[in-house]
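Asker: This structure is in structure tokens; I'll ask about it shortly.
Here, each number is a calculation from the coordinates, and none is a lab measurement. This structure is a prediction, so every number in the text was calculated from the model and none was measured. Positions of Cβ are backbone-derived with ideal geometry, glycine not excepted, and every protein chain shown enters the neighbour counts.
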Amino acid sequence: TKRCKGSGRIETHQTHIFAEARSQFAMETALRHAIEQRRLRLAYQPICDLATGAIASFEALARWTDVDGTEHSPVSFIPVAEESGLIVPLGRWAIDEAARTLADWDRQAGGHCGARLAVNLSAIQMQRDIVAPVVGDALRRHGLTGDRFSLELTESAIVSDPDRVAQTMHALKALGCKLAMDDFGTGYSNLAYLQSLPIDILKIDRSFVTGMLADRDKVAIVRAILSLAQALGMQTTAEGVETTELSQTLAALGCTNGQGYFYARPLESDAALAMLLASRPATSSAIAATR
Ligand code: C2E
Ligand code: MG
Ligand code: MG
Ligand code: MG
């Protein structure tokens, strides 16, 4: 084919596909080892009450520093984990690690540390694993009640296998966990699920929040999501809150919580606990002691 005119383009394209497949495979192998050798960790980003700034919870976000020092983004390794099936051990690890951290924070705080943790569940993980029993086991192993956990799922999970996901969601609610719809507004789902599934929180996708102060259309979408959530009795969390102005505007529009660089970037466990303890009102340790 090398002699044919114009075939260079095809060959280049194929070379590109092979290179991509090879790098996917290399990442899959490295990720498998990282999971086995327990080299993943979780970062914790506060989710704050927009009106008071008080920390309501933290979202646990997977982090992977490769042996050669490369920091891989979950935006690239979560899809690889999903395609390879590694999302099952990764997801189980994340649930257990989050519960372990929360129990550790409680110990260090001398009682209920005052926060809940949110863990992400992927659509493929929910198809391939029995997530609710995994969460139940982690809670039991670390001596936590279910109300300390929330689980974030996306609309794609609901679309992929509605019956199975509904069953998992009800089982998680029976454990006492809260359920959040992540990246709300970006999926291609039928809104009917909002009235049939036990969803507590809508997380407004960052794409509607970023730049909303200069974009009336985005404000209109945010308002619509907020009134939908209110009508259905759900709480709301805005993603991507990067400035004071955004936090104030969102609070004025009636959004409950905010998450974003204005409050903090995702933090290592120690830094997250320090931020939580520093932000607690002086009386809360006394309240915790009487619980
Ligand atoms: P997500 O669940 O929507 O998490 C929020 C993402 O937005 C995080 O990216 C966070 O660092 C980022 N973020 C938070 N505040 C701001 C802000 O003010 N500005 C900007 N520009 N970004 C902000 P991260 O940590 O890179 O995670 C990306 C995605 O990877 C997550 O999106 C989630 O879908 C997935 N992910 C991360 N950890 C896990 C995990 O343990 N399991 C699963 N299934 N997915 C995970
Ligand atoms: Mg999330
Ligand atoms: Mg999100
Ligand atoms: Mg997102």
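Asker: Taking the chain as a Gaussian network, Cα atoms linked when under 10 Å apart, which of 149, 184, 262 shows the biggest mean-square fluctuation?
Answerer: Answer for the Gaussian network model of the chain: 262.
Asker: Arranged from highest to lowest average of other beta-carbon atoms within 10 Å per residue, in what order do the peptides 21-27, 245-251, 72-78 appear?
Answerer: Ranked by mean Cβ neighbours within 10 Å, highest first: 245-251, 72-78, 21-27.
Asker: Here's something else I'd like to know. How much space per residue, in cubic angstrom, does the convex hull of the C-alpha atoms of the chain take up?
Answerer: Measuring per residue, one finds 172 Å³ for the Cα hull of the chain.
Asker: Would you mind telling me which residue in 119, 135, 159 has the biggest mean-square fluctuation in a Gaussian network model of the chain, where springs connect alpha carbons within a distance under 10 angstrom?
Answerer: So, out of 119, 135, 159, the one fluctuating most is 159.
Asker: A follow-up question, please. What residues qualify as long-range amide H neighbours of residue 57, i.e. H under 5 Å apart, gap of 5 or more or another chain, H built at 1.01 Å from N?
Answerer: Residues meeting the criterion, in which the H sits 1.01 Å from N, are 47, 116.
Asker: Do you know the relative contact order of the chain, to the nearest whole percent, from alpha carbon pairs under 8 angstrom that are 6+ apart?
Answerer: 19 percent
Asker: A further question on this structure: When the Karplus curve 6.51 cos²θ - 1.76 cosθ + 1.60 is applied with θ = phi - 60°, which whole-Hz ³J(HN,Hα) does each residue of the stretch 240-250 get, with x for Gly and Pro?
Answerer: Running phi through 6.51 cos²θ - 1.76 cosθ + 1.60 with θ = phi - 60° gives x, 7, 9, 9, 4, 4, 4, 5, 5, 4, 5 Hz.
Asker: Counting pairs of alpha carbon atoms under 8 Å apart in space and at least six apart in sequence, what relative contact order in percent does the stretch 134-291 give?
Answerer: 15 percent
Asker: Just for the chain, what percent of DSSP beta bridges are antiparallel, to the closest 5?
Answerer: Here the antiparallel bridges make up roughly 40 percent for the chain.
Asker: Just from its helices, what would the mean residue ellipticity at 222 nm be for the chain, if runs of 4 or more DSSP H residues each count -39500 (n - 2.57) and the sum is divided by every residue, rounded to the nearest 500 deg cm²/dmol?
Answerer: -16000 deg cm²/dmol
Asker: Would you mind telling me the antiparallel percentage of the DSSP bridges in the stretch 12-104, rounded to 5?
Answerer: 100 percent
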